[in-house]
Amino acid sequence: MADRNRRDFMRNSLLGLAALPLGAGILSKRAFAQDLPALDPSGAQAQALNYVKVASEASDHPAYEEGEVCQNCMFWKADSQGCQLFPQNSVEPGGWCQSWTAQA
């Protein structure tokens, strides 16, 4: 009987541990999605990708084409106004960076 209880305990513990990342992922997306601080254009990562808050300010950049904005980029995350390239921050919907890629 003790062996069966031990096996049940171990099985349930392992199932619980396996489910933790899933639960944490769901919770963090819901809890923190709207709380992202705005990306600072003067920050190192933003400057490395030539991020600007207003896309037209990048008109002299060779990679920029009119109509390219964060909001229509494949890396845009509408629910948090975030960007997959700047996961800790929100970006301006009308902004731009040199990694802009058309949505599929």
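General remarks:
- Output for region 50-63, where each listed residue is open to solvent by 40 Å² or more (accessible area, probe 1.4 Å) and either among the β-branched types (Val, Ile, Thr) or part of a loop (DSSP other than H, G, I, E, B) (or both): Asn50, Lys53, Val54, Ser59, Asp60, His61, Pro62, Ala63
- Residue in region 65-73 that is of a type in the set (D, E, K, R), open to solvent by less than 40 Å² (accessible area, probe 1.4 Å) and at pLDDT 95 or above present: yes
- Some residue of region 82-92 being touching a strand residue (DSSP E or B) at 6+ places or on another chain (Cβ under 7 Å), open to solvent by 50 Å² or more (accessible area, probe 1.4 Å) and not acidic (Asp, Glu): yes
The values are calculated or read from the model by the stated rules, or taken from the named source; none is laboratory data. If you're wondering where the values come from, they're calculated on a predicted model, not measured in any experiment. Heads up, the Cβs are rebuilt from the backbone with ideal geometry, glycines too, and the neighbour counts pull from every protein chain shown. Ligands, DNA and RNA are excluded from the accessible area calculation, which covers all protein heavy atoms including side chains. Shrake-Rupley method; radii C 1.70, N 1.55, O 1.52, S 1.80 Å.
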